[in-house]
Structure formats: structure tokens, C-alpha cells
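Heads up: the structure comes next, in C-alpha cells.
The values are calculated or read from the model by the stated rules, or taken from the named source; none is laboratory data. Quick caveat, the model's predicted, so the values are computed rather than measured. Because the Cβ atoms are built from the backbone with ideal geometry, glycine has one as well, and the counts that use them run over all protein chains shown. Just so you know, the surface numbers come from the protein's heavy atoms only, side chains and all, with ligands and any DNA or RNA stripped out. Shrake-Rupley method; radii C 1.70, N 1.55, O 1.52, S 1.80 Å.
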Amino acid sequence: MTRTVYVNGEYLPETEAKVSIFDRGFLMADGVYEVTSVLGGKLIDFGGHAARLERSLTELDMGCPVTMDELLAIHRELVKLNDIDEGMIYLQITRGAPGDRDFVFPDPETTKPTIVLFTQNKPGMANTPAAKVGLKVISIEDIRWGRRDIKTVQLLYPSMGKMMAKKAGADDAWLVEDGSVTEGTSNNAYIVKGGKIITRNLTKDILHGITRAAVLRFAREAQMEVEERPFTIEEAQAADEAFVTSASAFVMPVVEIDGAKIGTGTPGPVAVRLREIYLEESLKTAI
Ligand code: PDD
């Protein structure tokens, strides 16, 4: 089945969808994105993703070509047209295509933002065997820019980080700045020590994960202790457990950091339980 995508107001087969070569997303990574997961044909935490999108756009002084109600309708239509039961919806909005290359932002009256959405079908995503094995991560220096709280499409360094991990025989990388872990290349990072869940506090240094917010809420509701503060790789290696969260991985255990086994070297009980709770609870509010 040819995938149907959405581009600037039109639903089209992916082979017919086009964006200008002058698009600022293409030339300057001048764009923002969101990834929303779909489970049982429904959107997980759409409200959270829509709110973060509005914030990213505001921070970059970029307009939104659709209302949030229209955005929800587009997401739902793509799920229907592509018959997605489990998978993801990728959304990208850029500052548009002014018709030439110029560092200065174009006049928003004449250059409208570009909006693109497409689906990624991932049957069995919630039940992935990876969650039973856990991830091996390496640590690398965090050399990204200073506004990681804005979900921009500048993903070259995270891609390089994943490649460094792959070359080292690992699954992913944790980014380290001034001695402490900021986050994973495409997820938020956590450790568990003595039953307490520790994850970096929210600043401009990390993306404010939508999954993070939900998981911490569920953890607190389940009377688990949560501490939001930076931690080092050494502290993580000595922890009982480690895990990451993201819209595409949900809660994913981490079993090895820079070659050192975490706890028993298998997914820990807190991570496993949080994954169960997250999948169960987020489905209740899926739309
Ligand atoms: N990545 N930190 C970074 C750097 C991320 O790229 C992501 C998400 C997260 C987790 O955020 P959320 O829980 O809202 O998905 C944290 C998405 C999934 C991606 O790039 O594919």
C-alpha cells in the first residue's frame, strides 16, 4: 500500500508529495517537529505534543499554518488512510520557502510555513523484544546548541551519536556536558537507586519530554520517589537500574553504560513496571 502523506493542505501519495528546494527546513534546519505514537489506532498524548509544538514555534517566532483542532483532524485522517494500528506520526513545520537563500527570516506575510505529516507503521511496537533485553549505551560529549528545549529538526549530532554507538557495538548514546548526563540522543535518561527515580531537571539543556512528564506523573501516583537533578555516568554505572523514555520507545530499560553492566545487566523491575503502567495508562487517554 502506498503511504498517504499530508503536505500543505493536501493528502497525497508519498511519491507525489513535494517541498521546494528553497525550503528553510532543507537549507537551514529552520523547522520544528513532533513525533506522536499511535497505539490501537489512537494517538498517545496528542495534547502534550500539540502544546510543545506551539511552544517550539513561539520560541522561534514561527507561525502555525493550522489550528490545533485541524492538526488533530489531520493526525486522525492519516491514521485512518494508512490503516495504522501501532506506529508513529511525524509532523514537521518549517519557516517555509522564500524562493531564494537568505539568512534573514522571510516576511511571514508572503512566506507561509511548510507543514508535512507522515505515518510510520510499526506493528508490534508496544511489545518489542528490545524492551525485554534492554539497551546498551555509550557516553559521548554533548556538543549540541543551547536551546535543546526547542524541538528543532537539527538532528545531525544525534544521528552522529547513534552512529558512534553503532560502531561501538551499542544501541544508543547518552550525552554528557560538564560531567553530567543531559539526555539520550533521542530520549530522556533516568537512573534508579534505592527505589528512587533520578532524572535531569528541566532547563534549556534538554528536551522536555512528553513521555517524561507522563512517566513521572504515573511514578508519583504509584508512590515512587522521584528526584529531578543531574547525574554523572559514574553514578549511573553504580545505579540499580537505568532507562530512557520517548514517544517512540515508551519506557526502555538500559542495561549497560560504557561497557559496565547496570545492576544485574537485565531490565530492572522499576523500568519494567513503569513501561507497563505507561502503556496501560496512556491508552486510557488516547484519542
Ligand atoms: N525524540 N530528548 C530528545 C533529544 C528527543 O529527541 C526526544 C524525542 C526526547 C523524548 O521526548 P518525547 O517523550 O516527547 O518523545 C528527549 C523523538 C521521539 C524522535 O526524534 O524521534
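Which Cα, out of LEU78, PHE103, GLY268, lies furthest along the positive dipole direction of the chain (beta carbon charges, K/R +1, D/E -1)? Going by the Cα projections, it comes out as GLY268.
Rolling a 1.4 Å probe over the protein heavy atoms gives the range 4-123 an accessible area of 50 Å² per residue. Per residue, the accessible area of the range 152-287 comes to 43 Å², computed with a 1.4 Å probe over protein heavy atoms only. Helical runs (DSSP H, four residues minimum) scored at -39500 (n - 2.57) apiece and divided by the length of the chain put the mean residue ellipticity at 222 nm at -8500 deg cm²/dmol.
When the surface is traced with a 1.4 Å probe over the full set of protein chains, ARG144 keeps roughly 50 Å² accessible.
For the full complex of protein chains and a 1.4 angstrom probe, list SER282, SER186 by accessible area with the highest value first.
SER186, SER282
Projecting the Cα atoms of ILE287, VAL133, GLY87 onto the charge dipole of the chain (Cβ charges, centred on the Cα centre) puts VAL133 farthest toward the positive pole. Mind checking the alpha-carbon convex hull of the range 4-123 and giving the volume per residue in Å³? It is 98 Å³ per residue. For the chain, the share of accessible area belonging to carbon and sulfur comes to 54 percent (1.4 Å probe, ligands and nucleic acids excluded).
Each Lys or Arg adds one and each Asp or Glu subtracts one; over the other residues with Cβ under 12 Å from the Cβ of ALA260, this totals -2. The trypsin sites (Lys or Arg not before Pro) of the range 7-70 meeting both criteria, a DSSP state outside H, G, I, E and B (loop) and at most 14 other C-beta atoms within 10 angstrom of the site's C-beta, are LYS18.
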